[in-house]
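J.: Below is one structure. I have some questions about it.
Laboratory data are not the source of any read-out in this text; all were calculated from the coordinates shown. All values derive from a computational prediction rather than experimental measurement. Neighbour counts run over all protein chains shown; Cβ positions are idealised from the backbone, glycine included.
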Amino acid sequence: MKTFEFFDLDVRKENQYKFRKIKLLISSLLLIMSFTIIGYRTISLANINKEKILNISYTTTENKSFQKNLRGNIYDRNNKILATTISTLSLNINPQEILNKYQTITKLTKIFPYLKEEDLFKKLNSNKKHINLLREISPREYVSLLNAGIEGLKIEKANKRIYPNNTLASHILGATDIDGKGIAGVEKKFDSQLQVGKDVTLSIHGGIQHITRELLLDQIKKFKAEGGAGIIMNAKNGELFSIISLPDYNANNYNSILNENLFNKATKGIYELGSTLKLITAAIAFESNLINENDVFDVSKPLKISSRIINDFKPLDYAINIPEVIVHSSNIGSAKIAEKFGSSTQLKYLRSLGLLNMLSLEIPELGKPQVIRDKKVLSTMTISYGHGISITPMHLASATATIVNSGVKVNPTLIKGKEEEKNEVIISKETSIKMKSIMRLVVSNKNGTAKKAEASGYLIGGKTGTAEKINPSGGYFKKKNIVAFTGAFPMNDPQFIITIMIDNPKGQKFSFGYRTAGWVVAPVVKKLVTRVAPILGVKPQLESSPNFSNNLLDFKIRGKNDGANL
Amino acid sequence: MIRYPSSFIFFVILFVGFSLYQIKHFITKKEIELTQIQNNIKSAKSDINILKAELTYLKRPDRIEKIALNKLGLREVLLTDIWNLEDLVDVTNTISNGEKK
């Protein structure tokens, strides 16, 4: 019987066993699931949410820009601040939370008299929930606001980049955009470093930068010039103590400045710097061993090459040697020297002196030289006295430093204490001594073009250059000059390079109408060296002192009427 | 019936979970404190920067120059103001030698 079978013990036992097995399986599954959920939840709870913590820890007065690292400072070589970041307060308002609009307007205009009532009325009646009233408020205004107890106000903290010295080194420092990202100058070049809060120490000397600027500005005003550039650099390691480009601007107002003022004439502007390039011509001549200091060149007649006639500003009626070519600044003599060593040698030395490429200075605003490279005799000749070659004043300073630094290449740098990777020798020590002797004569000799630069005791040496300004639409401006001086001091052991350029000076009554480098730039050099040398630790040397050592060669320079027979 | 090892494991897991949660809670608290300290440092740095900037503004070379020339009556250094000590020694020696003779 079936019913009987059901109550059969074996069958019941078998069923119970099956049932237990299913129960055990379900329980195990439930247990595994529970443990998995508990495990997951434990791990998720143990996980620390950084975002949440940051949100908790920042108070409501601080916005996202403040949450970032404070941008690093920029210091000058004496650890004086050139650029820093401070937190400012901005005033925002939620019009929906204002209960009495007229009362709020009255309170606000009392604290901020420069806010217009009509504007405030418009803003407070807006449907928006967040309106910026003022980008910056002073701590005093902030306290007044707190005391006034105005509802719906939101005061946010934000970072602001400031330049406490205003115009000082503005072209070098550059600027940051509204998000605090570097957009020009050192701010751009070192952006990644500054963004993470690291400071940058420049080689610039605040005091010397100011003196260079003041003296250059004064001369620009006197000669009604368009602008200028000034550089003072360590002659041994290339550290730049001052870089001036005029006109300049207040670095705190970068965004509201005309493009013209933002242009860096010292490092980006390329100019034909005229006879200053004769220094390089003379150095190449000595170095090529094709000409020596006793070889003479007839400069009594203008030199006709192709369709062009090369003249001298002050013609001489006798043959002159290399030192005299430089001291009298003879274009004809320079052209004849260049003709001897040729185009290939000239280009080789221009390249090795860095005059054909952009410099590796630590700012983005760098100019690329333009040089005629057709290798024609005429081009070689004109390049020898600075025509057909456009370089930045910084290029000229660098080349001058290499010439006086025993021929070891000097790369300009804005970083204090930067170590030079390799010592590249461009010209020999002997050539360097000859060049230093000639450069000194340009200033010390009565026939020298830079005699107005003589500051007794400091043994200044260098070379002037006056060139017609290039017309962007072709050719040259006949009545616009670029005047320049490049040199070093003290010439018996050059410590510092000084390079000055003035753009388009006008002849004045006191200069008898002259607007040449000898009249315009040389006096600035004298004043500048007299003022900065004591700061730079360069002691004046009395030539009568028994400790005085000249270290220079004695070249004889003949005047206009001391000619030898040809 | 739950066996002894199972209950032991269960309590160990419970204890570990609870400890982990406590540690997490502790770390969160410390992280908040750390962030707040970092904020305070940043605020202090910003305040220092303000002071430094104000000091730099007051010590601007153009301002110092004006004060030196107009208020203090100072003037630029001249060549004759600077003497090399060695030259002075030489001059003194020459004078004293001359006197002896």
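J.: Would you order A:M33, A:M358, A:M394 from fewest to most other beta-carbon atoms within 10 Å of each residue's own beta-carbon?
T.: A:M33, A:M358, A:M394
J.: Compute the long axis of helix A:522-536 from its Cα atoms, compare it with the longest principal axis of the Cα atoms of chain A, and write down the angle in degrees, 0 to 90, nearest 10.
T.: Long axis of A:522-536 versus the principal axis of chain A: about 60 degrees.
J.: If you rank A:R71, A:R12, A:R558 by fewest surrounding Cβ atoms within 10 Å, what's the result?
T.: In order of increasing Cβ crowding within 10 Å: A:R12, A:R558, A:R71.
J.: Using Cα atoms only, what is the angle between the long axis of helix A:429-444 and the major principal axis of chain A, expressed in degrees (0 to 90) to the nearest 10?
T.: Rounded to the nearest ten degrees, it is 70.
J.: Can you pull out the trypsin sites (Lys or Arg not before Pro) in the range A:210-278 whose DSSP state is coil and whose Cβ has at most 16 other Cβ atoms within 10 Å?
T.: When the trypsin sites (Lys or Arg not before Pro) of the range A:210-278 are filtered for loop state and at most 16 Cβ neighbours within 10 Å, A:K224 remain.
J.: Under the 0.36 nm per residue contour assumption, what length would be gained going from the current alpha-carbon distance of A:R558 and A:Q508 to full extension?
T.: 15.0 nm
J.: Run the Debye formula on the Cα coordinates of the range B:4-100, all scatterers equal and no solvent, and tell me log10 I(q)/I(0) at q = 0.15, 0.18, 0.19 1/Å.
T.: These q points yield log10 I(q)/I(0) values of -0.89, -0.98, -1.01.
J.: Determine the sum of side-chain charges near A:S406: Lys and Arg each +1, Asp and Glu each -1, restricted to other residues whose C-beta is under 11 angstrom from that of A:S406.
T.: Neighbour charge sum, excluding A:S406 itself: +2.
J.: Here's another thing I want to ask about it. Would you please give the FRET efficiency between B:V77 and A:V371, computed as 1/(1 + (r/R0)^6) with r the Cβ-Cβ distance and R0 = 45 Å, to the nearest 0.05?
T.: Efficiency computed from Cβ-Cβ geometry: 0.60.
J.: Let me confirm one metric for peptide A:18-31, namely the mean number of other chain beta-carbon atoms within 10 Å of its residues' beta-carbons.
T.: Mean shielding by partner chains, rounded to a whole number: 0.
J.: If you count, for every residue in B:73-81, the Cβ atoms of partner chains within 10 Å of its Cβ, what is the mean?
T.: 3
J.: With angles folded into 0 to 90 degrees, how steeply does helix B:4-58 sit against the dominant principal axis of chain B? Use alpha carbons for both and round to 10.
T.: Computed tilt is about 20 degrees.
J.: Loop-only check: which chymotrypsin sites (Phe, Trp or Tyr not before Pro) in the range A:97-130 are DSSP coil with at most 12 other Cβ within 10 angstrom?
T.: A:Y114
J.: Next question. Treat the count of other C-beta atoms within 10 Å as a stand-in for reagent exposure and order B:F18, A:F341 from fewest to most.
T.: Ranked by crowding around the Cβ, least crowded first: B:F18, A:F341.
J.: Efficiency by 1/(1 + (r/R0)^6): what FRET value for A:F35 and B:A44, r their Cβ-Cβ distance, R0 = 56 Å, to the nearest 0.05?
T.: Here the calculated transfer efficiency is 0.70.
J.: Would you mind checking A:K463/A:K539; A:K189/A:K506; A:K221/A:K452; A:K265/B:K45; A:K436/A:K478 for any pair whose Cα atoms are more than 25 angstrom apart?
T.: In this structure, A:K189/A:K506; A:K265/B:K45; A:K436/A:K478 lie more than 25 Å apart at Cα.
J.: What Kirkwood Rh does the range A:208-536 have if only Cα atoms enter the pairwise 1/r average? Answer in Å.
T.: Roughly 19.5 Å, rounded to one decimal.
J.: Mind giving me the FRET efficiency for B:Q36 and A:K181? R0 is 35 Å, r the Cβ-Cβ distance, nearest 0.05 is fine.
T.: 0.80
J.: A follow-up question, please. With only alpha-carbon atoms counted, please give the Rg and Dmax of the range A:372-456, in Å.
T.: Cα only, the range A:372-456: 15.7, 44 Å (Rg, Dmax).
J.: Rounded to the nearest 5, what % of the DSSP beta bridges within chain A are antiparallel ones?
T.: Given both bridge residues lie in chain A, the antiparallel proportion sits at roughly 95 percent.
J.: Write down Rg/Rh for chain A, rounded to two decimals, with Rg from the C-alpha atoms and Rh from the Kirkwood relation over Cα pairs.
T.: Radius of gyration relative to Kirkwood radius: 1.30.
J.: In chain A, which longest range has no GluC sites (Glu not before Pro) that are both DSSP loop (not H, G, I, E or B) and surrounded by at most 15 other Cβ atoms within 10 Å?
T.: A:152-418
J.: Count charges around A:A225 for me, please; just the other residues with Cβ under 9 Å from its Cβ, Lys/Arg as +1, Asp/Glu as -1.
T.: Around A:A225, the surrounding residues sum to +3.
J.: For chain B, what does -39500 (n - 2.57) per DSSP helix run (n ≥ 4), summed and divided by total residues, give at 222 nm, in deg cm²/dmol to the nearest 500?
T.: Here the helix-only value at 222 nm equals -27000 deg cm²/dmol.
J.: Modelling each spin label as a point 7 Å along the Cα-to-Cβ direction, I'd like the A:E141/A:K422 distance in nm, to one decimal.
T.: Simple spin-label model gives 5.7 nm for this pair.
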